[in-house]
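Undergrad: One structure follows; several queries about it will come next.
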Amino acid sequence: MAYVKTAIALCAASVALIQLLDDKLLGFLGWILLPLSLTVLLIGIFDYQRVKKSINEEKRDGGL
């Protein structure tokens, strides 16, 4: 969940920097943040799947 929130915040910051400000350097930073937000989201999805699989394996094995 934290990864998703972070990805949304990065995406919102990216859009704000690209659309709302006329500074070239900040616009460039916005374009850098956009793929970074996608990367964070993908990491979060993979981490969720890994933890979910680990929990399900522990359930099948009878716990600790």
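Readers should treat all values here as calculations from the given coordinates under stated rules, not as data from a laboratory. The shown structure was predicted, so the numbers you read here are calculated from the model rather than taken from an experiment. Please note: Cβ atoms are built from the backbone with ideal geometry, for glycine as well, and neighbour counts cover all protein chains shown.
Undergrad: Based on what the data block shows, is Lys24 under 21 Å from Lys52 (Cα atoms) and free of Cβ contacts under 8 Å to residues at least 12 places away in the same chain?
TA: No, not satisfied.
Undergrad: Here is a further query. Tell me whether region 34-46 contains one or more residues that are touching an Asp or Glu at 6+ places or on another chain (Cβ under 9 Å), surrounded by 13 or more Cβ atoms within 10 Å (Cβ to Cβ) and either in contact (Cβ under 8 Å) with a residue 24 or more places away in the chain or in a helix (DSSP H, G or I) (or both).
TA: No, region 34-46 has no match at all.
Undergrad: Another question, if that's okay. Somewhere in region 47-64, is a residue within 11 Å of the chain's Cα centre (by Cα) and of a type in the set (A, V, I, L, M)?
TA: no
Undergrad: Among residues belonging to region 1-12 that are among the hydrophobic types (A, V, I, L, M, F, W, C) and surrounded by fewer than 16 Cβ atoms within 10 Å (Cβ to Cβ), point out the one that is farthest from Val40 (Cα to Cα).
TA: Checking each candidate, the answer is Ala12.
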